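Worksheet for the structure shown next.
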Amino acid sequence: MALSDRPAARHQEIGQAFTDRVRGTRSWDVPAPVAGWTARDVVRHLTEWFPPFLAGGSGIRLPAGPSVDDDPAGAWQTQVDAVQALLDDPATAGLVLTNRHVGDVPLDRAIDQFYTTDVFMHTWDLARATGQDDRLDPGFCAALLAGMEPIDEVLRSSGQYGARVPVKEDADAQTRLLGFIGRDPDWTPH
C-alpha cells in the first residue's frame, strides 16, 4: 500500500513504522549502519536535530521527553506524538517555517520534506541494526531518489549524506536510495 501524500497522514504512517522498530529493539547499544552510531544514536539523531530546527524556523517548541540515554523509546514516543499532534492541529495549516537555506515553507510541508523523510530513511538504519524488518515503501523510495538525484551535489556538500555507495543499475528503488544516501545496502552488524 502506498504512503499518503498528505503530510499528517504520511508522518503517521512513517512514524508508526519507526515506532514499531523502536518497540522491537532489544539492545540499544548494537552498531548501526552509520559509522560510529549505535541503535540508540539513530533515535538520538532524530530527537536532537529536529526540535531546534523547528523552533528556530517557526518558534514552536516541542515538549521535552526523557533523555535518549535513559529511555530511547520514551524519548522517541514523546517526539513522534508531539509532531503528530502539531500536524493534526488545524491551526498548523497557516504556519510557515523560515530557514535561510530553504526560505519560507508551509510548516506541514517542511516537516514532511525534512523530518518525515529523515525518519523514513533512518527506519532502515534502526531495523538493520536490530535485526528487524528493514523493507521500506518502494514507491516512496523511488520518489525520494527522483527528487534527490538532481541535487546530488548540494546534498553531498551539506555534510548530511555520506559518499554514494555503488549499487547495481537494476537494483530496486530501496537499494538505490540506500546507496545514494551513503548506506551499504548489504551492511550487517558484525
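What are the residues in the stretch 1-56 that are closer than 22 Å to residue 87 by Cα and polar (S, T, N, Q), if any?
Selection gives 4, 12, 16, 19, 47.
For residues that are outside any helix (DSSP H, G or I) and touching an Asp or Glu at 6+ places or on another chain (Cβ under 9 Å), scanning just the stretch 82-105, find the one that is surrounded by the most Cβ atoms within 10 Å (Cβ to Cβ).
Restricting to residues being outside any helix (DSSP H, G or I) and touching an Asp or Glu at 6+ places or on another chain (Cβ under 9 Å), the top hit is 97.
Condition first: touching a His at 6+ places or on another chain (Cβ under 9 Å) and part of a helix (DSSP H, G or I). Now tell me which residues in the stretch 13-69 satisfy that.
Answer for the stretch 13-69, where residues must be touching a His at 6+ places or on another chain (Cβ under 9 Å) and part of a helix (DSSP H, G or I): 18, 42, 43, 45, 46.
If a residue has to be surrounded by fewer than 17 Cβ atoms within 10 Å (Cβ to Cβ) and either among the polar types (S, T, N, Q) or touching a residue at least 24 places away in the same chain (Cβ under 8 Å) (or both) to count, how many in the stretch 137-151 make the cut?
5
Test of understanding: among 173, 163, which residue is surrounded by 18 or more Cβ atoms within 10 Å (Cβ to Cβ), in contact with a Gly (Cβ under 9 Å, 6 or more places away or on another chain) and over 23 Å from residue 25 (Cβ atoms)?
It is 173.
Would you say residue 108 is touching a Lys or Arg at 6+ places or on another chain (Cβ under 9 Å), exposed (fewer than 13 other Cβ atoms within 10 Å of the Cβ) and assigned by TED's automatic domain parsing to the domain that holds residue 42?
Spelling it out, it is not the case that residue 108 is touching a Lys or Arg at 6+ places or on another chain (Cβ under 9 Å), exposed (fewer than 13 other Cβ atoms within 10 Å of the Cβ) and assigned by TED's automatic domain parsing to the domain that holds residue 42.
Would you say residue 91 is modelled with pLDDT under 95, farther than 18 Å from residue 21 by Cα, among the hydrophobic types (A, V, I, L, M, F, W, C) and in the same structural domain as residue 59 (by TED's automatic domain parsing)?
Details: modelled with pLDDT under 95: yes; farther than 18 Å from residue 21 by Cα: yes; among the hydrophobic types (A, V, I, L, M, F, W, C): yes; in the same structural domain as residue 59 (by TED's automatic domain parsing): yes.
Here the answer is yes, as residue 91 does meet what is asked.
Output the qualifying pairs, or none if there are none: Cβ atoms under 9 angstrom, residues six or more apart or on different chains, first residue in the stretch 10-22 and at negative phi, second residue buried (at least 21 other Cβ atoms within 10 Å of the Cβ) and outside any helix (DSSP H, G or I).
17/136
Criterion first (farther than 29 Å from residue 176 by Cα, without any contact (Cβ under 8 Å) to a residue 24 or more places away in the chain and of a type in the set (Ser, Thr, Tyr)) does residue 58 satisfy it?
no
Whether any residue in the stretch 61-81 is crowded, with 18+ Cβ neighbours inside 10 Å, touching a residue at least 12 places away in the same chain (Cβ under 8 Å) and in contact with a strand residue (DSSP E or B) (Cβ under 8 Å, 6 or more places away or on another chain) is what I want to check.
no
The values are calculated or read from the model by the stated rules, or taken from the named source; none is laboratory data. Treat the numbers as computed from the prediction; the structure is a model and nothing was measured. We place every Cβ from the backbone using ideal geometry, glycine too, and count neighbours over all the protein chains shown.
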